[in-house]
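One structure is given here, and the rest of the page talks about it.
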Amino acid sequence: MTKKLAVLLVISFFSAVLPVGIALAGPTMDLTVSAAISLKNAFEEIGKLYESRNKNTKVLFNLGASGDLVTQIKGGAPIDVFASAALKDMDKLDSAGFVVKDTRTNFAANTVVLIVPSSSKITIPSFEDLKKPEIKKIAMGNPKTVPAGRYAAETFQYYKISDMIHNKLILTENVRQVLDYVYRGEVDAGVVYSTDAMVRQQGVKIILTAPEASHKPVIYPIAVVKGTKNEQAANSFVALVTSEEGQKILSQYGFKPIASAK
Amino acid sequence: MDDSLLFSLKLSVQVATVATVLVVMVGLSAAYLLSRKNFPGKELLDILLTLPLVLPPTVTGYYLIVLFGRNGLLGRYLYAWTGWSIMFTWYAAVLASFVVALPLMVKTARAAIESVDENLIRASYTLGHSEYRTALKVILPLARKGIVAGTILSFARAMGEFGATLMIAGNIPGRTNTMPLAIYSAAGSGDRSQAAIMVMVFTLFSGFFLYVASKLSRRVL
Amino acid sequence: MGLSVKVNKIVNGFSLDAEWTIGNELAVLFGCSGAGKSLTLQMIAGLLSPDRGFIHLNERTFFDGSTGRNLPPQERSCGYVFQDLALFPHMTIRENILYGAHGLSKADREQQAGTMLETFKITGLEDKYPSEISGGQKQRVALARALIRRPDALLLDEPFSALDNPLRAEMQHFLQEIRREFSIPLVFVTHDILEAYSMADKIIVYANGRVAQSGSPQEVFTNPASREVEQLVNTRERLLQSVESLPCMSKY
């Protein structure tokens, strides 16, 4: 009886592991792209376009806060392409030696906005009004790892309200989480990109746009990561993003297409 | 050790302690009910109480948001009456730890209670003691090994809680960033040395806790 | 007055239908294992409820199926000695004995404890734990604990079955003394014919969940009411064989 059981266990173990083994061995033409989470919708569409043009390549997206993504790549994650929501993160990766020479280029720009839940009745004519007591919780990305959080902090600094709203701040792990909190009414207001607000038009409304002078320019760079096992595919993906078609998709989602050949 | 590290450690211990106290109170009661009573919906209660054990903490966290978020099924009433939401407070961290640690307590306590010789309980009744007194003077003392083990497990689990806590308490420095969350932030932002120090402190603390716990339990048992 | 029992119960396919009455005497419920004796005892104590019937002790009604009255065991004042004695392993002998005396004042408790320890010849053991005393001593502690509150009846479920013969004889003798001291109904369950014969004022023979016969040991042995009873009480055969009785074995 126990012998039968042992045989059964061994067989089921291997039949569970085998398909995984085969999957891992997979087509060597997979492309892994680490991208700032604000690029989610636009890049997923570009990814599909890429796959339709390159039938035996699958594009896998690893989305998150740019800062986290940099840490992953520096930690040895097998990433082929990296796109961040700020120049700072790409600089960090570059100075650590993880960017393939001459593949880095800027491909989009964005604007920083303040959003509130659609049902909110609070009036906020200016950023300074965030001091108001009716506004109890403000969500923003964690400046340590989220570019949108850094831009938000810079904007608050610009309007000189940082100290006064300090206790109202709810820090999140990425910008889409801010969007979610505002959408669900967990917070009274949040700082996201205008492109994020577009994704949730029915649930949130843009109340203010941060003037360009209040924060560092919101520019998205893209590059091929050193150590990629698929340099050719990585390069052609970057080319697609900066091409007319890629730029068109980006602008459909609210980004400012600014691809400049570098 | 800097202020933020101290704060995170203190917060973790505080959250875990409060959560464990709640777990013991609720868990013992539930374990007693499940092991000694029959009632409609008993199976369902058992499953509900075991669920956080098999669900990933993020799923548990999601359910907690659905229930206790500002617009949640229960949270909306709390907000309407008091203007207060549990989200992003250390109470939320306690709630998350409580929910994930509860199954551990219920399972171990229930097994311990069920192992008490039924004749001893019957004897207590024939000697004139109510069900409550019997539970206090006969069942609990005889089940204490399992109860102590359950308490230690619960505290350990509460200290290490991350996923659900991140979702409902958030990772707010100086307010809700327990040790596991603080380590996650430090590691994520590339602050290796800070992360390393915190990891070491947390490990030492955990080791110390286990040592004290085993010493104390040997005395109690 | 005494103890008057009429109980019906179906549990796990087994059907119990028993009726008997005793006074302030030592009655033995005798029969094979599984005949319903322990079940009856548990129902008298209130640990189990009959499906139908009634149980009266003196003027009090413990259970009455027709009125729905069902007194919880805590209020029945029945001392109970379990087969495995059920001494609380985490309490000392003194604490075990005093466990039944919680209604009394502090002074009374100490006095009662002292009396019990003397009466049952277990002085000096107060601070020991059940695991530290002998089988015979455990028996007496169990009896002391059950009797400290002067219950209105004493129920014993094969309490001496684990003892060796000399010790068993001693305990049987002891029980007779108790019977003289406390004038209450004693109900003693056993499947040992010799024990039944030597202890009982009245024997109530159980077979297959029914009372096959009841009467004095003399009556039952000389005039068995049925083939069944005859097989059970056939003393000559019993004396020649070892402990387990043949009719009981043949049931399995």
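The phi torsions of region B:121-131, fed into the Karplus equation with coefficients 6.51, -1.76 and 1.60 and a -60° offset, translate into couplings of 5, 4, 4, 4, 5, 5, 8, x, 9, 5, 4 Hz, rounded to whole numbers, with Gly and Pro shown as x. Applying both filters, DSSP loop and at most 12 other Cβ atoms within 10 Å, to the GluC sites (Glu not before Pro) of region A:123-180 gives A:E134. Computed across region B:10-121, the Kirkwood radius stands at 15.4 Å (inverse of mean 1/r, all Cα pairs). Where in region B:130-148 does the amide nitrogen come within less than 14 Å of the point 7 Å from the Cα of B:L53, taken along Cα to Cβ? The answer is B:147. For the Cα trace of region B:3-220, dividing Rg by the Kirkwood Rh returns an Rg/Rh value of 1.04.
Each residue, C:R180 and C:K121, gets one label point 7 Å from its Cα in the Cβ direction; the gap between the two is 1.4 nm.
Would you calculate a helix-derived [θ] at 222 nm for chain C, using -39,500 (n - 2.57) for each DSSP H run of n ≥ 4 and dividing by the full residue count, to the nearest 500? Please list the in-between numbers first.
Numbers: 10 runs with 89 residues, N = 252.
Computed mean residue ellipticity for chain C: -10000 deg cm²/dmol.
Remark: region A:30-41, residue by residue, has Karplus-estimated 3J(HN,Hα) of 7, 10, 10, 10, 8, 9, 4, 5, 5, 8, 2, 5 Hz, where x stands for each Gly or Pro and the curve is 6.51 cos²θ - 1.76 cosθ + 1.60 at θ = phi - 60°.
Translational diffusion of region B:96-221, estimated by Stokes-Einstein from the Kirkwood radius over alpha carbon pairs at 4 °C in a medium of 1.567 mPa s, is 75 µm² per second. Think of it as helices only: each DSSP H run of n ≥ 4 in chain A is worth -39500 (n - 2.57), and spread over all residues that comes to -12500 deg cm²/dmol at 222 nm.
Arrange B:R218, A:R176 by Cβ neighbour counts within 10 Å, fewest through most, would you?
On the way: B:R218 9, A:R176 25.
So the residues, fewest neighbours to most, are B:R218, A:R176.
For region A:112-214, what is the Kirkwood hydrodynamic radius in Å, using each pair of distinct C-alpha atoms?
Values: mean 1/r = 0.0768 Å⁻¹.
That comes to 13.0 Å for region A:112-214.
Largest GNM mean-square fluctuation across B:I168, B:I113, B:I139, computed for chain B with C-alpha springs under 10 Å, falls on B:I139.
Using only Cα coordinates, the Kirkwood hydrodynamic radius of chain A works out to 19.9 Å. How do C:C32, C:C78 line up, fewest other C-beta atoms within 10 Å first? Taking fewest neighbouring Cβ atoms as first place, the list is C:C32, C:C78. Dividing the convex hull volume of the alpha carbon atoms of region A:184-262 by its residue count gives 160 Å³ per residue. A straight line joining the Cα centroids of region C:142-162 and region B:168-207 runs 62 Å. How big is the gap, in Å, between the Cα center of region B:72-107 and the Cα center of region C:53-105? Centre-to-centre distance over Cα atoms comes out at 45 Å. Listed by Cβ neighbour count within 10 Å, with the fewest neighbours leading, B:V18, B:V66 appear as B:V66, B:V18.
Across all directions of projection, what mean area in square nanometres is found for the Cα convex hull of region C:48-148?
7.8 nm²
To the nearest µm²/s, what D does Stokes-Einstein give for region A:146-198 at 4 °C and 1.567 mPa s, using the Kirkwood radius over alpha carbon pairs as Rh? Value of D from the Cα-based Kirkwood radius: 113 µm²/s. Between the amide H of A:T172 and those of A:M140, A:G141, A:N142, distances stay under 5 Å, these residues lying 5 or more places away or on another chain, with hydrogens modeled in the peptide plane. A compact globular protein would have a Cα radius of gyration near 2.2 N^0.38 Å; the ratio found for the protein assembly as shown is 1.43.
In this structure the amide hydrogen of A:K205, modeled in the peptide plane, comes within under 5 Å of the amide hydrogens of A:V116, A:S118, none closer than 5 places in sequence on its chain. In chain B, the DSSP-assigned H stretches of four residues or longer account for a calculated mean residue ellipticity at 222 nm of -25000 deg cm²/dmol, using -39500 (n - 2.57) per stretch and the full residue count as denominator. Largest first, the extents of the alpha carbon coordinates of chain C on the three principal axes equal 55, 49, 32 Å. Put simply, the convex hull of the Cα atoms in region A:41-109 casts, on average, a shadow of 5.2 nm².
Each reported figure results from applying straightforward, stated rules to the coordinates on display, with no laboratory input. Since the structure is predicted, the reported quantities are computational estimates derived from the model, not experimental observations. Glycine gets a Cβ as well: all are built from the backbone with ideal geometry, and neighbour counts include every protein chain shown.
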